[in-house]
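First comes the structure, then the notes that go with it.
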Amino acid sequence: MTDGLPHTLRSDALDNRERILDAARALFSADGLDVPMREIARRAGVGPATLYRHFPTKQVLATEAFADQLRACRTIVDDGCADPDPWRGLCLVIEKICELHARDRGFSEAFMAAFPGAPDVAGREYTVKAVAGLAQRAKDAGRLRPDFVLDDLILVLMANKGIHTRSADTQVMASRRFAALAIQAFEASPQHTPLPPATRLTAAVPDNSV
């Protein structure tokens, strides 16, 4: 009887952890990252102390909850950077990341959120550096407009996050159309007029003031 007790405790702890992650994914995806940790604990059927024992901060919980999406995001970026045609690779990155974000509001918010003191939330640092290098190669190839700045892509992701439709499928379709429009705007062309001066954008929630 005593021999089985540690295994039972480990199994219970694992079950609690999986319930917490399942609850966090569902609530983050439906309501974004503003969901209180206590609500996640309630949905998971555990006490707040149990939740914080497994996940001491919301940033840690969000990163764990969206581990699959993070791996998918990294694969998209790696595939885009591996394409010998940098413009084609950049287009793939824009299309696929917009779609990935459109499928899961929670992951989109985790990717864009600014957690104080959090080192590289949702792999943003890796993504930003890799895409910046890919964009420079596309510029050097004459395919990406020369006045493009990486904040333009951040602006696209912020706008893409604002797409809300009645179903996940129509949301993805709208995101694909939006990505196509953005790609057309980014492509180098003598018909394009100069962009307004670039403005530094943050990863915070957009200002809703008029």
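The values are calculated or read from the model by the stated rules, or taken from the named source; none is laboratory data. Small disclaimer: the values here were computed from a predicted structure and weren't measured. Quick reminder, even Gly has a Cβ in these numbers, built from the backbone with ideal geometry, and neighbours come from all protein chains shown. In case anyone asks, the SASA skips ligands and DNA or RNA and just uses the protein heavy atoms, side chains included. Shrake-Rupley method; radii C 1.70, N 1.55, O 1.52, S 1.80 Å.
A few notes on this one:
- Test: residue in the stretch 80-97 that is open to solvent by less than 10 Å² (accessible area, probe 1.4 Å), touching a Phe, Trp or Tyr at 6+ places or on another chain (Cβ under 9 Å) and either of a type in the set (K, R) or farther than 26 Å from Q184 by Cα (or both): no
- Yes/no for L14 being open to solvent by less than 60 Å² (accessible area, probe 1.4 Å) and either in a helix (DSSP H, G or I) or under 19 Å from A110 (Cβ atoms) (or both): no
- Looking only at the stretch 157-189, and only at residues there that are within 19 Å of the chain's Cα centre (by Cα) and of a type in the set (D, E, K, R), the one that is nearest to L90 (Cα to Cα): R176
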